[in-house]
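Read the structure below first, then the notes.
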Amino acid sequence: MKQVVVIYVVLLLVTQEGLSQKKEESDEKIGAQTFQMVRETMGIYTNDNLLKQVEAVGRSMEKFLGMPQPLKYYLVDAIEPNSFATAGGYVYVTRGLLAIVNTPDELAGVMAHELSHVVLKHSTKRMKAGIVPAILQLPGRLVGTLVSPAIGDLINIPLGFASRASLAAYSRGQEKAADEHGVGIAIQAGYQPYGLVDGLERLTTYAEFIVGKPMEKDIFTDHPMTTKRVEDLTEILTKKGFKRTPYFEGTDMVAIEGLVYGQNPEEGLVDSTRFIHPGIGLFFEFPNKWYAQNSPTSVELIAPDRQAAMITTVDTTAAVPAEAAKKSLDRMKQGGLQIISEESYSRNGLQGYRALVGDNAHSAELRWLKLPSGALLKVIGIASTAKPNPELLTSMDSFRPSTEADLGTFKYHTVELKENVTNKTVASYVESEDKKGTRAKLLEILNGVHAGKGVTNGKFVKTIRTATLLGK
């Protein structure tokens, strides 16, 4: 949470048609605007060694792409495995994908596929804007006034449940063309022909592990059925005389050492019914079974019935709660909302300001809180009822500075590499009790070998290290 941006408009991809169909805008401007969205909604992941690896793979293929200028590469701080490219020569790879791929060949295959969409000037079949799911159920005027006019503009779009980031979808024909073109580019750059095939198969296995059932449609919503793509690619490569090499086990990508797996503590961590942000020193609790979604700029909580939501951001409009509140409340009055009550208050050692606003059928409790770290929080609790939601108020009352004891109870995970020992099974690298075998299964997928067997041809074995925010 760095500033007030709650909207999840992500990647109105990828072509010259670009971000908003304003054809007078240059590709570079479109790309820069998209970069800003990516940075604010997904986050840019900082890891110099890993970025160099991604750049090296990309640069080796650029001369075969016919692009007018050198491309710009970024790591995206997203759990979902994906790669995408936008107008202006921006290329993105998520840390979720980097945890999955085992070789530069696999990475090159995935990146070449996405770059091929740009080279082939594919227009998207549809454009999707993802915003906080619960907000879709709330009145546009209320939400738009409280949070962002852009959210109000989008509120009535009939979107389904949005993941943290949605990508524009391509037709099956376009995907097939990008697969074939991408494989050709990767081969010209010296990569193994079946890199994309290996990567797609591992992504499918990983996706099925995450959702707990076979994939019936696609991987993370933006690609046609992966099994069909694998079949088509295999047929194409076989006709060209390429024989498939044995499936790679383990990894040779040394740069993934220390890669954050899962939630990134720099954005804060959600644990059951608790949230902590060590960077600004914030802790709060929220109701059981409420959906929690975290981003670089905000934390959103969503009631199971989607009739209430709470949004927490950092407010940079003023230095003290009362001043920030006045600016927001004045804007709300201009938007026609009724300010029912407002007052200064203190709770859990924090000084703040709160207000209750609403219209004839809806309400919102707003609070501004000053943390000891200096961060000024804006907390918005929205309900589709005339009175504030009691569970929302309880959660808002729990806001307090985080303590060292809190830090010791929140865990996060990183990828750790072990030198390959052929007489050790993958399952033996699980560092903690694993009664259900889920961690062993995860290592099996990440390393491309059965958990009961050892890695035979990779230099390193991927493991998952668990640590608390105290570093233990």
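The values are calculated or read from the model by the stated rules, or taken from the named source; none is laboratory data. Everything quoted here is computed from the prediction, not taken from an experiment. Note that we place each Cβ from the backbone using ideal geometry, even for glycine, and neighbour counts take in every protein chain shown.
Overview of results
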{"item": "Considering residues of region 3-51 that are of a type in the set (Phe, Trp, Tyr) and at pLDDT 85 or above only, the residue farthest from Leu301 (Cα to Cα)", "result": "Phe35"}
{"item": "When residues of region 337-359 are limited to those that are aliphatic (A, V, I, L, M), farther than 15 Å from Leu393 by Cα and touching a helix residue (DSSP H, G or I) at 6+ places or on another chain (Cβ under 8 Å), the one surrounded by the fewest Cβ atoms within 10 Å (Cβ to Cβ)", "result": "Ile339"}
{"item": "Thr409 over 30 Å from Pro104 (Cα atoms), part of a loop (DSSP other than H, G, I, E, B) and of a type in the set (Ser, Thr, Tyr)", "result": "yes"}
{"item": "Evaluation of Leu282 against (1) modelled with pLDDT of 90 or more; (2) farther than 18 Å from Ile79 by Cα; (3) surrounded by fewer than 16 Cβ atoms within 10 Å (Cβ to Cβ) (one fails), failing number", "result": "(3)"}
{"item": "Single residue of Leu376, Leu392 found to be crowded, with 18+ Cβ neighbours inside 10 Å, on the phi < 0 side of the Ramachandran plot and at pLDDT 95 or above", "result": "Leu376"}
{"item": "Selection from region 287-302 of residues that are at pLDDT below 90 and under 26 Å from Glu343 (Cβ atoms)", "result": "Ser298, Val299, Glu300, Leu301"}
{"item": "Residue among Ser428, Ser395, Ser432 that alone is in contact with a Pro (Cβ under 8 Å, 6 or more places away or on another chain) and small (Gly, Ala, Ser)", "result": "Ser395"}
{"item": "Within region 72-93, considering residues that are among the hydroxyl-bearing types (Ser, Thr, Tyr) and either in contact with a helix residue (DSSP H, G or I) (Cβ under 6 Å, 6 or more places away or on another chain) or buried (at least 22 other Cβ atoms within 10 Å of the Cβ) (or both), the one farthest from Leu259 (Cα to Cα)", "result": "Thr86"}
